[in-house]
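Heads up, the thing below is written out as structure tokens.
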Amino acid sequence: MDGGNLLADDNIHSQTTRHTKQLALEHQAILRHENQAGLDHQQKMIPQRQSENEHKLKPDRQLLLEQESAYERQSRRKMQETDREDERAKLRNRLRLSEVDGQQSLLTSQRNLMESHRGLLDAQSYPEIA
């Protein structure tokens, strides 16, 4: 009987082992299937998340574009103001130079006039010199 019980125990053990292995294989297959389904779901969700992110970022991008545009307009205005100030400075400098030239020519004219008057005065006062 002992031999029969051993065979029966051996048979039960092998069936249990096979059954356990079969359950483990089925469990692994279920896990692989769940993992693959999760990956497939994640792959499908990527475009949706990208779209959501784009939608969320759109106002920020718009604000940045507006700020950049405002900065460029302000920079152009500053450059134009600087150019106008440079032109004004050049014009003032030219006017000063022309005033100096005008004053010098006026002084020269006055000097020439004085010399000619002096010559006339000398000729009138001292006819012998002329």
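Data overview
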item	result
Fully extended contour minus Cα-Cα distance, from D40 to L107, at 0.36 nm per residue	14.4 nm
For the range 47-55, 3J(HN,Hα) per residue [Karplus equation, 6.51 cos²θ - 1.76 cosθ + 1.60, θ = phi - 60°, Hz, x = Gly/Pro]	x, 5, 5, 4, 5, 4, 5, 4, 4
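Coordinate-derived values only; no laboratory data. Since this is a predicted model, take the numbers as computed values, not measurements.
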